[in-house]
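Structure, as structure tokens:
Values in this text are rule-based calculations from the coordinates and carry no lab data. Predicted, not measured: the structure shown is a model, and the values here were computed from it.
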Amino acid sequence: MLINKNELQDLLKKLRNEHKTIVTTNGCFDILHVGHVRYLQKAKSFGDILIVALNSDKSVKSIKGESRPINNENDRAEVLSALRSVDYVVLFDEDSPINLLLEIKPDVHTKGADYTIETLPEAKGIMASGGRIEFISFVEGKSTTSIINKLKNN
């Protein structure tokens, strides 16, 4: 379910009152593929509720360039929300989800295993608020970039 930032604090209060373990992850999730699905399933396994911080169109363009995203933010949010493993999706406009994640204060934050505690910008803030970081391995050969490149070569 897509929620806006204005609804976030009420939702978090409700979830914490229910003693739910809140897990977060973030990304563009532009062209959803099996690597994303497995990643999100693994992320959800660390708790009760998975909140995906989703880069807005503005944010994706800033990070990936003018040709991205392929799918707009509303479409990406709807597809993510349809997955069993995803409970909530929240959009953010910045290049980094740090501010949003510091607002959420997750019990667990997940990120791809291409990061480390030292290279993950949000790690220090999440751990300072009592959360932990879990790194998830990627599915070999599965990425949005590889899909786009395959389409360009056909």
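Table for the structure above
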| quantity | calculated |
| --- | --- |
| Rg/Rh (Cα only; Kirkwood hydrodynamic radius) as it applies to the chain | 0.95 |
| Percentage relative contact order, the chain, counting C-alpha pairs under 8 Å, at least six apart | 28 percent |
| Candidate aspartates and glutamates - alpha carbon under 15 Å from Lys64, same-chain residues fewer than 8 apart omitted | Asp30, Glu73, Asp93, Glu94, Asp95 |
| Set of aspartates and glutamates near Lys111 by C-alpha distance (under 15 Å), chain-local residues within fewer than 8 positions excluded | Glu122, Glu134 |
